[in-house]
Amino acid sequence: RLPAARSTMLEENENFGFSFLGSDGDGLVKLEMPDLPPDWFEVIPSDVEIMEPPAVLTGQQGGIWQALCERMMTDIHRNHTMSEEEKEASLRFVTLPIPGSPPGRILKLVEDPKGVISAGATGSVLWPACMAMIQELDEQFGHLDKKPKSAIELGAGLGALGLFLAVHQGIPTTITELPEVLPLLQRSVKECKSHQSFENAPVEVAPLRWGELTHIAPLGTFDLVVGSDISYRPDCLDELLQTAESLLSAEGRFLLSLQDRSGEEEKLEAACEKQKMRIVSKKEVKIHEQDVEYTEVANRDYCRGEDGLVKVFIYELSPEKRRK
């Protein structure tokens, strides 16, 4: 159990939440530290209080809990004891092709599949919802008389969506993430800008915790607010929508993409109703095995659904109070 000063960081860290079949509510169980072997205390912060697993987890669930705890503590121990050379070797350098015209466009990114740099695992690799959003925006901008003058990406992870806007659309873009996840995002941006053609891309990186006024206020407002695969936590949806509204300029647009997962679509739409956020449009994108531009990412085990397809929803949202 972490003291209050560290509780927000723990709450935002996806390594500390696990879903169990048969659990109450959304099935999200907050992790409290299990008993640890004595030699691991050298890498555990001194303000961590060791707690027993929750009493609600018994039998098989308790066994799952213990296995997850042991795996996570093994990873924490590994990350704290790895050399910089070993961390570097565990990173995955990705050249992402951008479909459409002109041909030959790419983004250079850095993935962290083992979580040696990033605080959480979900934003440390590419996901299909990001790629679907890139293609959607590319198509939209091809039919617009003028592009947005500014853009911001929320929960950027590797920053692929924001980098696409800056590098290939020339839109001044701010890419944001939680402070504890910024090192990986900054590394990915640096890798992309190391490409000779991209070194002058108009992109900035900034910390942003949704709902945190001290983070939101200095950013200003933007003509385009975007995010991909950032709506998977129901407990964060209100702050996400409120933050996006605060960042929108008077005529700004807000677009979200998400992969089709059980209940996520419905919970986002319920949060939109609660926050008086109108659904301007909703588009379904099905990614098939023959979609060559998506193959490498979409074929990863964690992406493809039971039907062999990856399905993505792309939303455009707008505050209700804009209605005339």
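The values are calculated or read from the model by the stated rules, or taken from the named source; none is laboratory data. Just so it is clear, the structure is predicted and the values come from calculations on it, not from any experiment. Ideal geometry is used to build each Cβ from the backbone, glycine not excepted, and the neighbour counts take in all protein chains shown. To get the accessible areas, we keep the full protein, side chains included, count just its heavy atoms, and leave off ligands, DNA and RNA. Shrake-Rupley method; radii C 1.70, N 1.55, O 1.52, S 1.80 Å.
For the reader, a short list of remarks on this structure follows.
- Hits in segment 281-324 (condition: of a type in the set (Val, Ile, Thr), modelled with pLDDT of 80 or more and open to solvent by 70 Å² or more (accessible area, probe 1.4 Å)): none
- Selection within segment 256-268: residues that are open to solvent by 60 Å² or more (accessible area, probe 1.4 Å) and not basic (Lys, Arg). The member of this set that is nearest to PRO319 (Cα to Cα) is GLU266.
- Residue count for segment 164-210, restricted to those that are of a type in the set (Ser, Thr, Tyr) and farther than 20 Å from MET133 by Cα: 2
- Conditions (1) of a type outside the set (Asp, Glu); (2) open to solvent by less than 10 Å² (accessible area, probe 1.4 Å); (3) over 24 Å from PRO99 (Cβ atoms); number of the one not met by GLN186: (2)
- Any hit, segment 248-255, residues being farther than 27 Å from LYS146 by Cα, modelled with pLDDT under 95 and surrounded by fewer than 22 Cβ atoms within 10 Å (Cβ to Cβ): no
- LEU237 vs. criteria touching a Ser or Thr at 6+ places or on another chain (Cβ under 7 Å) and open to solvent by less than 20 Å² (accessible area, probe 1.4 Å): yes
- Restricting the search to strands (runs of 3 or more DSSP E) fully inside segment 85-201 and requiring at least 2 residues that are touching a residue at least 40 places away in the same chain (Cβ under 8 Å), more than 18 Å from GLY227 (Cβ to Cβ) and touching a strand residue (DSSP E or B) at 6+ places or on another chain (Cβ under 8 Å) gives 92-97, 106-111.
- Look at (1) in contact with a Leu (Cβ under 9 Å, 6 or more places away or on another chain); (2) open to solvent by 20 Å² or more (accessible area, probe 1.4 Å) and you find that VAL225 fails only one, number (2).
- LEU258 being among the aliphatic types (A, V, I, L, M) and touching a Lys or Arg at 6+ places or on another chain (Cβ under 7 Å): no
- Considering residues of segment 95-110 that are out of contact with any helix residue (DSSP H, G or I) (no Cβ under 8 Å at 6 or more places or on another chain) and closer than 18 Å to ARG187 by Cβ only, the residue surrounded by the fewest Cβ atoms within 10 Å (Cβ to Cβ): THR95
- Test: residue in segment 154-168 that is of a type outside the set (Asp, Glu), more than 25 Å from LEU237 (Cβ to Cβ) and surrounded by fewer than 17 Cβ atoms within 10 Å (Cβ to Cβ): no
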